[in-house]
1. Any idea how many residues of the range 209-246 are in a helix (DSSP H, G or I) and of a type in the set (S, T, N, Q)?
2. Let me spell it out: the conditions are (1) assigned by TED's automatic domain parsing to the domain that holds Q401; (2) modelled with pLDDT of 95 or more; (3) within 21 Å of the chain's Cα centre (by Cα), and T321 meets all of them except one. Which number is the exception?
3. Which pairs do you get when a residue that is more than 16 Å from the ligand (Cβ to nearest atom) and of a type in the set (V, I, T), found in the range 183-204, comes within reach of a residue that is at pLDDT 95 or above and part of a helix (DSSP H, G or I), reach meaning Cβ atoms under 7 angstrom, with the pair 6+ apart or on two chains?
4. Taking only the range 264-279 into account, find how many residues are crowded, with 24+ Cβ neighbours inside 10 Å, under 13 Å from G76 (Cα atoms) and touching a Lys or Arg at 6+ places or on another chain (Cβ under 9 Å).
5. Considering only residues of the range 36-69 that are among the hydrophobic types (A, V, I, L, M, F, W, C) and more than 27 Å from the chain's Cα centre (by Cα), which is farthest from the ligand (Cβ to nearest atom)?
6. K85 versus (1) more than 16 Å from the ligand (Cβ to nearest atom); (2) basic (K, R); (3) farther than 21 Å from G219 by Cα: which is the lone unmet condition?
7. From G164, G130, G144, which residue is within 12 Å of the ligand (Cβ to nearest atom) and farther than 25 Å from R213 by Cα?
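The values are calculated or read from the model by the stated rules, or taken from the named source; none is laboratory data. Note that the coordinates shown come from a computational prediction; the quantities given were computed from them, not determined experimentally. Counting neighbours? That spans all protein chains shown, and the Cβs are built from the backbone with ideal geometry, glycine included.
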Amino acid sequence: MIWEVLPRVKTDLIEQLLINRGITTRAEKELFFNPKLANFEKDLQIPGIDKAIKRINEAISKNELIVVFGDYDVDGVCASAVLYKALSSIGAKVLPYIPHRDKEGYGLSKFGLDYAKANKAVVVITVDNGIVAFEQAEYAKQLGLDLIITDHHVPAEKMPDAFGIVHSTKMCGAAVAWCLIREVVKKELANELLQLVAIATICDLMPLKNINRSFVIEGLKVLNTTTNLGLLSLISFCRISLGKIGSYEIGHIIGPRINAIGRLEHAIDALRLLCTKDPTKARSLAKLLCDTNEQRQKLTIQAIDEARIQVKTDKRIHILTSPEWSSGIIGLIAGRISEEYLQPAIAISVGEVISKGSARSANGVNIIEFIRECSEILIDVGGHPGAAGFSIHTDKIKLFQERLDELSIKIPEKGEQKLTIDAELKGEDLTKQLIKNIERLEPFGFGNSKPVFCSHNMKASSIRTVGNGKHLKFKCNNINAIAFGMGNLERSIREEEEIDVAYYLDIDDYDGNEKVQLLVKDIKTSGI
Ligand SMILES: [Mn+2]
């Protein structure tokens, strides 16, 4: 692994970390450390809100049914919950609708619009989808439905012909939905709903800067004292503690469980969890989400093993297919393969007539643009520069593979894996106080990554493995260090040898006794 240490331009470490994250001016720094949503009023006022609210108020006064058309991922589910709770609170008649991932697929569909019509709805509001639903918008018109699209995905050259559009790419879908209703609901409810926006912002991998940092910080405050019965049950099932939930817990523990049910079953149960007022139901739904997540984990591990067998390492894009893979996990397969092989990857769940694909970027490729170059072969395609999804007629997969192979000469050859390091530290710098100072930059996540440091010539001692030989535990200049998944290095490091380590700084509070700990990302010794 190549260590790329960012150039040191400031003596003060915090200043340096800010520069590394693109925060350079005084104004940017101010915003970073005072991340109040009120500072982003301009971004919150998305065009189209007034017209949409007028139509919603008309629906309320005429007692018309509104269908909220969501999506099955965390953002889509949270966005649906935001709108459902908000609209219900102001007296609207609301019916939420979340499509089935396998049977209906992503986004607004004729099927869904027929469902709305059959239920005598007059207004349909999409959340986290719809910005490229051209035909569906036409169809909604034919059915006499007033369609309001709220979305944050990348639009095509033109916008669909809908009654109203509320669109911003600056935030996640749940945040766009929140912007729509924030001024028409009670202040307390608007504030309470921010916890759902925070969960969605993190899980939809919005860069945690500017307005998204504000959404997460304000939402985390609410989440850490939440009274939402579903979230409380989920939190207790996952054995995490209220008051200690940060971006890590959302991204790695809460998010995957909300997602899993939509991957394998139906995401409507995740929406039910977020909306239920019945404690018994909250518990049974939380258990269902956790059980489904375990099943999802097993399936993913197996599928990734199968995908690895198909990888040809000289390719610049990996296109992997199987009729066995559920469309709910192909995004996870593509994600893992692109990470491991440092090139973009596409995983396709092959169906009898129609197949579903999911793509993840790597090596700087704008994957949605890249795939859109073959959009005439595909049934539909949507997404972001980092991740995209599409559907394709199964008999066209071969052609699609060939075309992408041809196009892939534009992708640079993969380099050696790089580890970007924020700064070099000396052994004596590694104090609890330093870690506390760095905590001011939290929450970490996409776009504001947890700082990585390196130290040279650190004396290794007490070297041993833990977790059945999987992980390596040792001391570096007498500071505890753990290297997850590096148990195999046990024999490559000698006691008292001087090594170079790259790591995250962490506080280990085992026994209630706070100690500095290095979470090691890479080790260099004279022998490796
Ligand atoms: Mn989204």
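1. 5
2. (3)
3. V184/I53; V185/A86; V185/S89
4. At the first step, the residues of the range 264-279 found to be crowded, with 24+ Cβ neighbours inside 10 Å are 267, 270-271, 273-274.
Those left that are additionally under 13 Å from G76 (Cα atoms): 267, 270-271, 274.
Those left that are additionally touching a Lys or Arg at 6+ places or on another chain (Cβ under 9 Å): 267, 270, 274.
Number satisfying all stated conditions: 3.
5. I60
6. Unmet for K85, out of (1) more than 16 Å from the ligand (Cβ to nearest atom); (2) basic (K, R); (3) farther than 21 Å from G219 by Cα: (3).
7. Going through G164, G130, G144 in turn, just one is within 12 Å of the ligand (Cβ to nearest atom) and farther than 25 Å from R213 by Cα: G130.
Okay, residues lined up against (1) buried (at least 22 other Cβ atoms within 10 Å of the Cβ); (2) under 22 Å from the mean Cα position of the chain (by Cα); (3) assigned by TED's automatic domain parsing to the domain that holds Y106:
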position: S338; (1), (2), (3): yes, yes, no
position: G357; (1), (2), (3): yes, yes, no
position: I371; (1), (2), (3): yes, yes, no
position: A387; (1), (2), (3): no, yes, no
position: I392; (1), (2), (3): yes, no, no
